[in-house]
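**Q** Okay, handing you the structure first.
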Amino acid sequence: DSPLVTGAAAIEMLHLATLVHDDVLDDADTRRGRPTVHTTRGNKAAIYLGDLILSRYMEIMASIAPDTAFIREQAGTVCEIVGGELLQESARGDTAVTRAYYERAIRGKTAALFRLAATTGVKLGTSDPSPDLLAAAHDFGEHLGMAFQTIDDLGDFDVAHATEADLV
């Protein structure tokens, strides 16, 4: 297996771990039409499974890392993702959240994950990536993640059942 394919699979494991944890925090019964882990196995099992997947992601990345800076970036981005999740959680139910606050939260979670995927692909797929290529991958991942999360969140908003106060 090439480090690029292995790294891509590991990034998806990181994503899966965040989804398992999110489903517990959001008390989500289903994801993509299927029962969530916490509804079938309980919260403790779901949290431990998410932690196990996250640990395995780090093991895999450590095994293919070209240098220690690569691992520091991976770990630092995981911290950034968790920080974004905490920021979002701290505003749960707050109807006065500003656009700037919302963007800061999703930049810290989804955009950070997409940015990590893009830059990891460049670092593992190119022997000596140029600073311009890395910057382009960084910006692409950031913008794609922001757009993806915004669209995903808009899909959660139920306009048909919203009250006038919700729409103001």
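Read the figures in this text as sums done on the coordinates, not as results from a lab. No experiment lies behind these values; they were computed from the predicted model shown. Cβ: placed from backbone, ideal geometry, glycine included. Neighbour counts: every protein chain shown.
**Q** Long-range amide H contacts for residue 31: which residues qualify at under 5 Å (H placed 1.01 Å from N, peptide plane, sequence gap of 5 or more or a different chain)?
**A** Hits under the 5 Å cutoff: 36.
**Q** Give, rounded to the nearest 20 debye, the magnitude of the charge dipole that the chain has about its Cα centre when Lys and Arg contribute +1 at Cβ and Asp and Glu contribute -1 at Cβ.
**A** So the magnitude is around 380 debye.
**Q** Mean residue ellipticity at 222 nm from the helices of the chain, using -39,500 (n - 2.57) per DSSP H segment of n ≥ 4 over the full residue count, to the nearest 500 deg cm²/dmol?
**A** -25000 deg cm²/dmol
**Q** Still on this structure, I have one more. I need the Kirkwood Rh of the range 39-121: take the reciprocal of the average 1/r across all distinct C-alpha pairs and report it in angstrom.
**A** For the range 39-121, inverting the mean 1/r across all distinct Cα pairs yields 14.5 Å.
**Q** Near residue 145, within a Cβ-to-Cβ distance under 12 Å, what is the net charge of the other residues, with Lys and Arg +1 and Asp and Glu -1?
**A** Here the charged neighbours net out to -2.
**Q** Two decimals is fine: what's Rg over Rh for the range 1-64, C-alpha atoms, Kirkwood radius as Rh?
**A** In the range 1-64, Rg relative to Rh is 1.06.
**Q** Also, I was wondering about something else. Could you give the distance between the Cα centres of the range 36-75 and the range 114-140, to the whole Å?
**A** If you average the Cα positions of each part, the centres end up 22 Å apart.
**Q** Go through the range 70-76 residue by residue and turn each phi into a ³J(HN,Hα) via Karplus (6.51, -1.76, 1.60, θ = phi - 60°); whole Hz please, and just put x for glycine and proline.
**A** 4, 5, 4, 5, 4, 5, x
**Q** Something else now. Could you work out the pair-distance distribution P(r) of the range 59-104 from its alpha-carbon pairs, with 10 angstrom bin width and percents rounded to whole numbers?
**A** 24, 35, 21, 17, 4
**Q** Separate question: Can you tell me the length gained on complete extension of the stretch residue 91 to residue 25, counting 0.36 nm per residue apart and subtracting the Cα distance?
**A** Between residue 91 and residue 25, full extension yields an extra 22.4 nm.
**Q** While we're looking at this one, here's another question. So, counting K/R as plus one and D/E as minus one, what does the shell of residues with Cβ under 15 Å around residue 14 add up to?
**A** Counting the neighbours of residue 14, the net charge comes to -4.
**Q** So, one more: I need the per residue convex hull volume for the range 67-158, using only the alpha carbons, in cubic angstrom as a whole number.
**A** Cα convex hull per residue, to the nearest whole number: 89 Å³.
**Q** Treating only the Cβ atoms of Lys and Arg (+1) and Asp and Glu (-1) as charged, compute the dipole magnitude of the range 1-64 about its Cα centre; round to the nearest 20 debye.
**A** Dipole about the Cα centre, nearest 20: 180 debye.
**Q** How charged is the neighbourhood of residue 4? Take every other residue with its Cβ under 14 Å from the Cβ of residue 4, and add Lys/Arg as +1 and Asp/Glu as -1.
**A** With Lys, Arg at +1 and Asp, Glu at -1, the neighbours total -1.
**Q** Now a separate question. Can you give me the distance in nm between label points at residue 12 and residue 55, each placed 7 Å from the Cα along the Cα-to-Cβ direction?
**A** 2.3
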